[in-house]
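Report on the structure given below.
Read-outs: derived from the displayed coordinates by stated rules, not from any lab. In this text the structure is predicted, and so the values were computed from the model without any measurement. Reconstructed Cβ throughout: ideal geometry from the backbone, glycine too, with neighbour counts over all protein chains shown.
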Amino acid sequence: MTDELLSDTAPTAPETPEVTLEDAPDPKTFDFAAFVAGIRPTRRAVTIYSRGDLAAERDLLAARISESQDAQRPAKERAAMQKRLKEITEEITASAIDVVVEGRSSEWVSKLNQALVKDGVDDATVRGSHIIAEQVVQPEGVTAELLEQIRKVSEPQWVALSQATTSANNGQGVTPDFSRGRSATSRR
């Protein structure tokens with residue numbers, strides 16, 4: 001397989017600047033009200049793919065390429081498989097969409113959940129789709145009905161959205177070190 005497709009090097013974390021007590025704001029002059037006024041809801045993003053069906057072919061090709069290298073098969077044979085692997089990878093990547101959700105308070109989630117129950121939405125998972133849809137800020141046009149379609153066709157994609165929403169609601173992973181992020185190389 002090409003280095004381009006199977007890079008096993010982990011992105012290096014950026015250096016964390018050393019913070020000393022001298023760098024901390026002066027408690028006597030720090031404007032906490034201004035700080036609070038600047039707080040924004042936590043947002044999380046997740047990438048979902050419409051062509052998850054291609055993952056199986058990608059996995060098989062990757063295994064075949066590895067086997068052909070071990071068996072020292074002709075380079076021409078491996079090159080054809082590598083070309084197809086690259087095409088599949090590009091097709092999967094082209095099917096990606098980034099979804100951004102904005103965190104809400106547990107009180108907000110509870111009230112919406114109760115309102116949905118009152119409106120006759122008995123299935124907790126369907127209520128989850130409604131709650132997620134209300135928290136999506138990007139792209140526009142996400143509805144509970146569309147999320148239910150995603151769940152029925154590819155539940156792992158729905159679970160990824162649900163986990164991002166839970167993470168945003170809990171404020172998980174909000175740190176300045178960007179260590180949870182991707183490498184600087186663009187995937188698109």
message = With viscosity set to 1.306 mPa s at 10 °C, what whole-number translational diffusion coefficient in µm²/s follows for segment 43-170 from Stokes-Einstein and a Kirkwood radius over Cα pairs?
response = 94 µm²/s
ask   = Whose amide H sits under 5 Å from the amide H of residue 104, counting only residues 5 or more places off or on another chain, with H placed in the peptide plane?
value = 169
query = What ranking do 116-123, 84-91, 130-137, 51-58 get when scored by the average of other Cβ atoms within 10 Å per residue, highest first?
reply = 130-137, 84-91, 51-58, 116-123
note = Sequence order, segment 135-142: Karplus ³J(HN,Hα) from phi using 6.51 cos²θ - 1.76 cosθ + 1.60, θ = phi - 60°, Hz rounded, Gly and Pro as x, gives 9, 6, 9, 7, x, 6, x, 7
request  = Compute the signed sum of charges (Lys and Arg +1, Asp and Glu -1) over the other residues within less than 11 Å, Cβ to Cβ, of residue 42.
outcome  = +3
inquiry  = Can you give the local net charge around residue 101? Use residues other than it whose beta-carbon is closer than 12 angstrom to its beta-carbon, Lys and Arg +1, Asp and Glu -1.
reply    = 0
